[in-house]
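The values are calculated or read from the model by the stated rules, or taken from the named source; none is laboratory data. In this text the structure is predicted, and so the values were computed from the model without any measurement. Note: ideal-geometry Cβ built from the backbone for every residue, glycine included; neighbour counts use all protein chains shown. The protein model used for the area step is the full one, side chains on, heavy atoms only, and it has no ligands, DNA or RNA in it. Shrake-Rupley method; radii C 1.70, N 1.55, O 1.52, S 1.80 Å.
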Amino acid sequence: DELGELARAAAARGARRIAVLHPASRYGESMVAAMRIAARAAGAEVVAAVAYPPTSTALGATVAELAGHDFDALLVADASARGALLAPALAAAGIWPVGTPRGPRVTRQAVYMLPAVAFDARLAQSAGRYLQGALFSVPFHAPTATGEARLFADEFMSRYQAEPDVFAAYAYDAFQLVRRGVTSGQTTRPALARWLSSGQTLPTAGASEELSAARAPAHATRVLTLEGEIWAPAP
């Protein structure tokens, strides 16, 4: 679902040919398989999948292999620490995200997509120049929170003098969903499950906002982009 949101956002920018950079692991292979499904649903396709050893820091050969493919969107399917290494390596090969001003060092541009595991607000300082305009999946981000999420973030900050993360937001949502069901009169687990899947409108701090009829999140994530050193909702 998360990759579906990213694929749709990339397709809205005209991207149709997706490459995937991923670790040579079961996680990486699962991400490639999920991206193929998400891409088809968005009217795109995965045209290349390039793997690298999970612990490798020498990424020149990996980037060179990637550069041999024709793509206009790139999924970096790894954690933020790896993204911080890959982004400058891609730039050194002339590959930059869409939105970077064109110049002699920019030989190719692609819509960068990064899943939630790749997001770290500190990337704006450590690798921000290489990630301008990149699309990040961020289920919860306190600085850009609005509505229920803003109320939750402000109360959390007031109580704990710390910024809530995605785990705090979804723990809060889980509790609130159950509490709303109980206060509506549900007294058993089966009754609560039926109530939760009956199309209730349930505002949440996280991106889900409410549950679908299949008891899944109505929205998998939010998509943020990096503008200078500011994280902002992707237009």
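Data table
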read-out: Subset of the stretch 14-52 [part of a loop (DSSP other than H, G, I, E, B) and either in contact with a helix residue (DSSP H, G or I) (Cβ under 9 Å, 6 or more places away or on another chain) or buried (at least 16 other Cβ atoms within 10 Å of the Cβ) (or both)]; value: ALA15, ARG16, ALA42, GLY43, ALA44
read-out: Candidates ARG150, ARG159, ARG194, filtered to the one that is basic (Lys, Arg), assigned to a helix (DSSP H, G or I) and within 23 Å of the chain's Cα centre (by Cα); value: ARG150
read-out: Test: residue in the stretch 138-151 that is closer than 30 Å to ALA93 by Cα, surrounded by 17 or more Cβ atoms within 10 Å (Cβ to Cβ) and modelled with pLDDT of 95 or more; value: yes
read-out: Positions within the stretch 121-147 being in a helix (DSSP H, G or I) and among the β-branched types (Val, Ile, Thr), in sequence order; value: THR144
read-out: Subset tally (residues that are open to solvent by less than 50 Å² (accessible area, probe 1.4 Å) and part of a loop (DSSP other than H, G, I, E, B)) for the stretch 225-235; value: 2
read-out: Counted residues, the stretch 199-213 - those being over 15 Å from SER184 (Cβ atoms), open to solvent by 10 Å² or more (accessible area, probe 1.4 Å) and either at pLDDT below 75 or among the hydrophobic types (A, V, I, L, M, F, W, C) (or both); value: 2
read-out: Criterion violated by SER184 - all others in (1) at pLDDT 95 or above; (2) more than 29 Å from the chain's Cα centre (by Cα) satisfied; value: (1)
read-out: Candidates ARG222, ARG194 - the one that is of a type outside the set (A, V, I, L, M), open to solvent by 20 Å² or more (accessible area, probe 1.4 Å), in contact with a Phe, Trp or Tyr (Cβ under 9 Å, 6 or more places away or on another chain) and modelled with pLDDT of 85 or more; value: ARG222
read-out: Leading residue by the ranking (surrounded by the most Cβ atoms within 10 Å (Cβ to Cβ)) among those in the stretch 53-68 that are part of a loop (DSSP other than H, G, I, E, B) and among the hydroxyl-bearing types (Ser, Thr, Tyr); value: SER56
read-out: Residue in the stretch 69-88 that is of a type outside the set (Gly, Ala, Ser), in contact with a helix residue (DSSP H, G or I) (Cβ under 6 Å, 6 or more places away or on another chain) and part of a strand (DSSP E or B) present; value: yes
read-out: Test: residue in the stretch 46-61 that is under 26 Å from ALA218 (Cα atoms), under 18 Å from the mean Cα position of the chain (by Cα) and touching a residue at least 24 places away in the same chain (Cβ under 8 Å); value: yes
